[in-house]
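To start, the structure itself, in structure tokens.
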Amino acid sequence: MSELTDTRWLRPCAGHWREGSGPVLLCLPHAGGGALSYAGWDRHPLGGFEPVAVCLPGREDRFAEDPVSGWAALVSAIADSLTPLAHRPLAVFGHSMGALTGYELLRELARRKRPAPLLLAVSAHRAPQEMPTAAGPPRSPRELLDYVRRLDDGGTAELLDDPEWRDLVLRPLGADLRLHDTYRSSAGPPGQPPLATPFVVLTGEDDPTVSDRTYAGWSALTHAVSARRVYPGGHFYLREQRDRLLTELGRDLENAMRGELR
């Protein structure tokens, strides 16, 4: 796996690459998040898939780099990073903004005529059709702080009282949310044919960012089957529900490898 050890974008959750050509679960972060969001996922079976997290510019050990400011550049860079893994079966998990990134990544892989991933798991985000039709003004620092406290009161929010941590959190978060808020105008789905990859739609029952239309919206974007699971908790339900989530996701991945989700 020497061709992958120097990559800036891909981080195996175990800290090292597995030998062989087994399947990979690509894990895409929420707005402002990094590869560490998926720490510990390698300790779960996940149907034999190797969990590999994406680290975006502007955070963690890439903090000195400028965050990506356009959807086309973002998904192109991630698709490029996957080239050495082209011989390995692929599934994609994206949480929050990572769900949109995952959807656009599948579109980019299709444009490149790469094999379709076996599964797309979209977590804690409404479907693209539910996004606003026009981007609003950039969020102020106060609005960013309110956003974090509203959705993540048990995680990142507790760091915001420390000015040093606040800067580390708000820089990538602000850049990601600017990108997120321009999604409809830069990469919306109108006129795009449905994908061939099965979807699993995952939400927290108390998450204010999703709606009753979320599952139907995602389902309309694939020709394949789709499934839905709702977990106790809010936007970051996957922290408290991690064991259950990863057990059930592992079964989804096993079924996807057998072709039973298509």
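A few notes on this one:
- Selection count where residues are over 17 Å from L26 (Cβ atoms), part of a helix (DSSP H, G or I) and open to solvent by less than 30 Å² (accessible area, probe 1.4 Å), scope the stretch 47-61: 0
- Taking (1) open to solvent by less than 10 Å² (accessible area, probe 1.4 Å); (2) assigned to a loop (DSSP other than H, G, I, E, B) in turn, A79 satisfies each apart from (2).
- Scan of the stretch 36-46 for residues that are part of a helix (DSSP H, G or I) and modelled with pLDDT of 95 or more, ordered by number: Y38, W41, D42, R43, L46
- Pair list, Cβ < 7 Å and 6+ apart or interchain, from the stretch 86-98 residues that are open to solvent by 20 Å² or more (accessible area, probe 1.4 Å) to residues that are of a type in the set (K, R): A86/R114
- Hits in the stretch 128-150 - residues which are open to solvent by 40 Å² or more (accessible area, probe 1.4 Å) and of a type in the set (A, V, I, L, M): A134, A135
- Scanning the stretch 229-241 turns up at least one residue that is on the phi > 0 side of the Ramachandran plot and more than 18 Å from the chain's Cα centre (by Cα).
- Checking S76, S37 one by one, the residue that is farther than 26 Å from L238 by Cα and polar (S, T, N, Q) is S76 and no other.
- Of the residues in the stretch 7-23, not one is in contact with a helix residue (DSSP H, G or I) (Cβ under 7 Å, 6 or more places away or on another chain), part of a helix (DSSP H, G or I) and touching a residue at least 12 places away in the same chain (Cβ under 8 Å).
- Pairing each residue of the stretch 100-123 that is closer than 10 Å to T197 by Cβ with any residue that is part of a helix (DSSP H, G or I) and among the small types (G, A, S), provided the two are 6+ apart or on different chains, yields C-beta distances under 8 Å for L109/A79; A116/A110; L118/A256; L119/A256; L120/G102.
- Of all residues in the stretch 118-165 being in contact with a Ser or Thr (Cβ under 6 Å, 6 or more places away or on another chain) and more than 26 Å from E248 (Cα to Cα), the one that is modelled with the lowest pLDDT: A135
- Qualifying residue in the stretch 66-76 (condition: more than 15 Å from the chain's Cα centre (by Cα) and either open to solvent by less than 10 Å² (accessible area, probe 1.4 Å) or under 20 Å from D152 (Cα atoms) (or both)): no
- Any hit, the stretch 84-103, residues being farther than 23 Å from L245 by Cα, at pLDDT below 95, aliphatic (A, V, I, L, M) and part of a helix (DSSP H, G or I): yes
- Condition check for R126: in a loop (DSSP other than H, G, I, E, B), more than 27 Å from P232 (Cα to Cα) and either in contact with a strand residue (DSSP E or B) (Cβ under 8 Å, 6 or more places away or on another chain) or of a type in the set (D, E, K, R) (or both): no
- Conditions (1) over 22 Å from W17 (Cα atoms); (2) out of contact with any Lys or Arg (no Cβ under 8 Å at 6 or more places or on another chain): number failed by A127: (2)
- Any hit, the stretch 230-246, residues being of a type in the set (D, E), out of contact with any Gly (no Cβ under 9 Å at 6 or more places or on another chain) and either within 17 Å of L25 (Cβ to Cβ) or open to solvent by 40 Å² or more (accessible area, probe 1.4 Å) (or both): yes
The values are calculated or read from the model by the stated rules, or taken from the named source; none is laboratory data. Remember, predicted model here, so these are calculated numbers, not experimental data. We place every Cβ from the backbone using ideal geometry, glycine too, and count neighbours over all the protein chains shown. Note: accessible area is taken over every heavy atom of the protein model, side chains too, but ligands, DNA and RNA are not part of it. Shrake-Rupley method; radii C 1.70, N 1.55, O 1.52, S 1.80 Å.
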